[in-house]
Amino acid sequence: MRLGLLYTVVFVEIGIAMPFMPVWLGGLGLDAGLIGLLLALPIATKVLATRPLTGLIDRGVRPRTLLVAGSLVLALTYALMPLAAALAVTMLGLLIVLNAVAQAPLVPSIDYLTLAAARRSRRIDYARIRMCGSVGFLAANLAGGALLGLLGDRVAVPLLLTGLALVATLVAAAGRDPAPALAPRPASAAAPPLPAVLRLCIGAAALIQASHAAVYAFGSLDWARHGVSTPWIGTLWAVGVAAEIALFALVGRWPARWRSPFRLLALGGGAALVRAVGLYWAEGELALLLPLQLLHGLTFGATHLGAMAAVSGFSPEGARGRAQGTVGASTALVSALATLACGAVYRSLGGPATFLMMAPLALAGLGLVVLAKRDREARRFGAGSRDAV
């Protein structure tokens, strides 16, 4: 329950910031190009900051220390943003970068805590606990617009985010770690390398998750262009998140062999491939868009669970924090590059071509899953041969 609450409060904050911070920036009267730059800063910052910050766990820093410190800095930066915006855009940009640095280790740290608890007790189901984050995100999406409409976007967005970050600080500080802190590794000691099977799984997950770039960046715009109404566009997004929540709730009942990293990643990659091709043909047809959005449960949910299963199962002791951070940084990097490419393709060739461009990413992810499985089997066969000798 404590871990579920932690996911909820952090994802409620994300569920407000992601859709409504751009609205707040637009309300400041900033140029569209400048808004784009300010929105790109957090992505670039997280690519650089997530892995080293989460890697501090391997050197003895408690995950909850990162959570408390990060949430406090989030609250401070959100509170100062209105003042910074009134003084100078450069100050606002610096606060946005600092805000992104603080946010970078939050979700990986909660994942670390939850996976550690799941390894210690079979009663702990990572997927059902992680589901709380998706529920919080969806609730924030649905309720945030109405709440901010009552309070006024110009002031309410940073104030609401400040309050949510302070709540996250209190929840993080009140909990306890499910596992003892690691003994600090000496600075001179070499970090254990991530095994090839884990690196391949992380690469596969990053590619499959990056195949969402076209939908995230241009889905709503293209659907509106084909005449889909605003309420239906909102419904399409809600259907995707609901499918994700349903998967997290039910996956624990699947046979164990279907919850292996390789099968989960393959399910995610296969669904992403079908979704990319389907969106190419859909062109605003709700009869196609609704089932394609249901695939989000696999394209995001199964892929995420596969990556977490790989981190939990294949990470060496003393490198779990770095592995967790590598997942976040790799996904952010590939997704950012895919989003940039989508912008160029959408401008030149339109929505269908942009959606279809995501298919090679899904195929490449599936290819890495095959290589990861072969590497794992080869190492098992080699170990068995040595044991026989």
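The values are calculated or read from the model by the stated rules, or taken from the named source; none is laboratory data. Note that the coordinates shown come from a computational prediction; the quantities given were computed from them, not determined experimentally. Note: ideal-geometry Cβ built from the backbone for every residue, glycine included; neighbour counts use all protein chains shown.
For the range 19-34, a residue qualifies if it is surrounded by fewer than 16 Cβ atoms within 10 Å (Cβ to Cβ) and either without any contact (Cβ under 8 Å) to a residue 40 or more places away in the chain or touching a Cys at 6+ places or on another chain (Cβ under 9 Å) (or both), and the qualifying residues are Pro22, Gly26, Gly29, Asp31, Ala32, Gly33. If we keep just the residues of the range 101-150 that are of a type outside the set (Ser, Thr, Tyr) and not in a helix (DSSP H, G or I), which is surrounded by the most Cβ atoms within 10 Å (Cβ to Cβ)? My answer is Pro105. Condition first: modelled with pLDDT of 95 or more, within 16 Å of Ala206 (Cβ to Cβ) and crowded, with 23+ Cβ neighbours inside 10 Å. Can you find one or more residues in the range 315-324 that meet it? No, the range 315-324 contains no residue that is modelled with pLDDT of 95 or more, within 16 Å of Ala206 (Cβ to Cβ) and crowded, with 23+ Cβ neighbours inside 10 Å.
Scanning the range 271-303 for residues that are on the phi > 0 side of the Ramachandran plot and charged (D, E, K, R) yields one hit, Glu283.
Here is the figure for the range 342-366: residues that are of a type in the set (Gly, Ala, Ser), more than 23 Å from Leu200 (Cβ to Cβ) and part of a helix (DSSP H, G or I) total 5.
Could we say that Ala40 is surrounded by 15 or more Cβ atoms within 10 Å (Cβ to Cβ), small (Gly, Ala, Ser) and assigned to a helix (DSSP H, G or I) here?
Judged against the criteria, Ala40 is not a match.
Per-residue answers, yes or no, for (1) out of contact with any Lys or Arg (no Cβ under 6 Å at 6 or more places or on another chain); (2) surrounded by 23 or more Cβ atoms within 10 Å (Cβ to Cβ); (3) at pLDDT 95 or above:
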{"residue": "Leu265", "(1), (2), (3)": "yes, yes, yes"}
{"residue": "Gly270", "(1), (2), (3)": "yes, no, yes"}
{"residue": "Gly278", "(1), (2), (3)": "yes, no, yes"}
{"residue": "Leu286", "(1), (2), (3)": "yes, no, no"}
{"residue": "Gly343", "(1), (2), (3)": "yes, no, no"}
{"residue": "Arg347", "(1), (2), (3)": "yes, no, no"}
{"residue": "Ala359", "(1), (2), (3)": "yes, no, yes"}
{"residue": "Ala362", "(1), (2), (3)": "yes, yes, yes"}
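Within the range 43-100, being within 19 Å of Leu113 (Cβ to Cβ) and not in a helix (DSSP H, G or I) holds for Gly60, Val61, Arg62.
Working carefully through the options Tyr78, Tyr7, find the one that is touching a helix residue (DSSP H, G or I) at 6+ places or on another chain (Cβ under 8 Å), more than 26 Å from Gly234 (Cα to Cα) and among the hydroxyl-bearing types (Ser, Thr, Tyr). Checking each option against the conditions leaves just Tyr78.
When every residue of the range 2-10 is checked against the conditions, none turns out to be without any contact (Cβ under 8 Å) to a residue 24 or more places away in the chain, surrounded by fewer than 16 Cβ atoms within 10 Å (Cβ to Cβ) and in the same structural domain as Gly144 (by TED's automatic domain parsing).
One residue alone among Ala173, Ala196, Ala156, Ala191 is among the aliphatic types (A, V, I, L, M) and either at pLDDT below 70 or surrounded by 18 or more Cβ atoms within 10 Å (Cβ to Cβ) (or both), and that residue is Ala156. (1) of a type in the set (Gly, Ala, Ser); (2) over 23 Å from Ala372 (Cβ atoms); (3) not in a helix (DSSP H, G or I): which one isn't true of Gly234, the others all being true? Failed condition: (3).
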